[in-house]
Each structure stands twice: as structure tokens, then as C-alpha cells.
Amino acid sequence: MTNITRVGILGSGIMGSGLAEVAARAGYDVVVRSRTQAGADGVFTGLDAGLTKQVEREKLTDEERHVILGRITVTDDLSELALADIVIESVVEDLAVKKALFAELDAIVQPDAILATNTSTLPIVELAMATKRPELVCGIHFFNPAPMMKLVEVVRPITAADETIATAIGF
């Protein structure tokens, strides 16, 4: 099973932001990529505001807030995901957009990195076939809002290797 220490998140919407919070709380270093730097900065600002509210409600200490935020980097540069052990895509529900993104990621990230999608509606096997690593592609579908929902669905396309699925479940 692959040892995951760095998580890439694609998407700066509610789900992408929630995934970043969940991964950072779990102790992973997180890089969130948005199409624009303003969008990326907005993720960080939103996370800071949400975590600050949790401190005010005494559900989190200020030190914990700083530690969580310290694990998160935001960017508009896809190449910043190059060292991620797993990348979870959470962009618009458009198969063509996702396929193009997976093909681009395939050329950027480490050869043994897992590429995952948060989609619950599109065929993951098609995303896998857009890469040269179909055995390393799967679905990791978090339910919304990710920081509050404990339910996560791991989806195995026919192309995924046993180790990929075991790593996704471990994550």
C-alpha cells in the first residue's frame, strides 16, 4: 500500500474546500489547486473563517486551527501537485473537462500517484482510460459537507488495481 503524506485537491468550491479541511485535519499536507489564484486564496480565507468559528464555539483550539491551516497550500498552478501521493479531483461535473484534466495530471504527478475523482455520477473508467495509469485511478466520493459527513464511498473501476483500492480505503 502506498504511503500517503501529501494530498492534492483539484477544485475550489464547497467540496474542494471541505476535502482540504478533512485531509489537513487528518494530518496530511494538502495542496489545493484552483483555476485562478483568487479562487485559491478564497479557499484559504474560507477555511480560516470556518476554523475560527470552530475556535469561537470551543470545538477546536486556536493552536489546532493554526496547525490545520499550516498544512494547507493553495495555488493556481497545476504543477504544484507534482509531488502529491494522491490527487482528488472535485471540479465541474463535465466528463470532457474531467478527462482532459486527468490526462494533464497524468503527465505531471509522480508515476505511482493515485488519481481519484469525487464524482458520483460520471463513469470513472473513462477518466482512467484518459491516463497511462488506469490501474491507479479510482473514485473517492465524499458526501457533502465533507468535514461533517463521516461517509466516504470508494468506487472501483474495472481498471483499478487491488493496491489502489486498498490505499484509497486506507486513506
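The values are calculated or read from the model by the stated rules, or taken from the named source; none is laboratory data. These numbers come from a predicted model, not from an experiment. We place every Cβ from the backbone using ideal geometry, glycine too, and count neighbours over all the protein chains shown. Ligands, DNA and RNA are stripped out before the accessible areas are found, and what is left, the full protein with its side chains, is counted by its heavy atoms. Shrake-Rupley method; radii C 1.70, N 1.55, O 1.52, S 1.80 Å.
Side notes on the structure shown:
- Region 115-144: number of residues that are touching a Leu at 6+ places or on another chain (Cβ under 7 Å), of a type in the set (A, V, I, L, M, F, W, C) and either free of Cβ contacts under 8 Å to residues at least 24 places away in the same chain or over 26 Å from Gly46 (Cα atoms) (or both): 4
- Here region 145-171 is the region considered, the condition is being out of contact with any helix residue (DSSP H, G or I) (no Cβ under 7 Å at 6 or more places or on another chain) and touching a residue at least 40 places away in the same chain (Cβ under 8 Å), and the residue that is most open to solvent (accessible area, probe 1.4 Å) is Glu163.
- Residue-level check: of (1) part of a helix (DSSP H, G or I); (2) surrounded by 14 or more Cβ atoms within 10 Å (Cβ to Cβ), His141 misses just (1).
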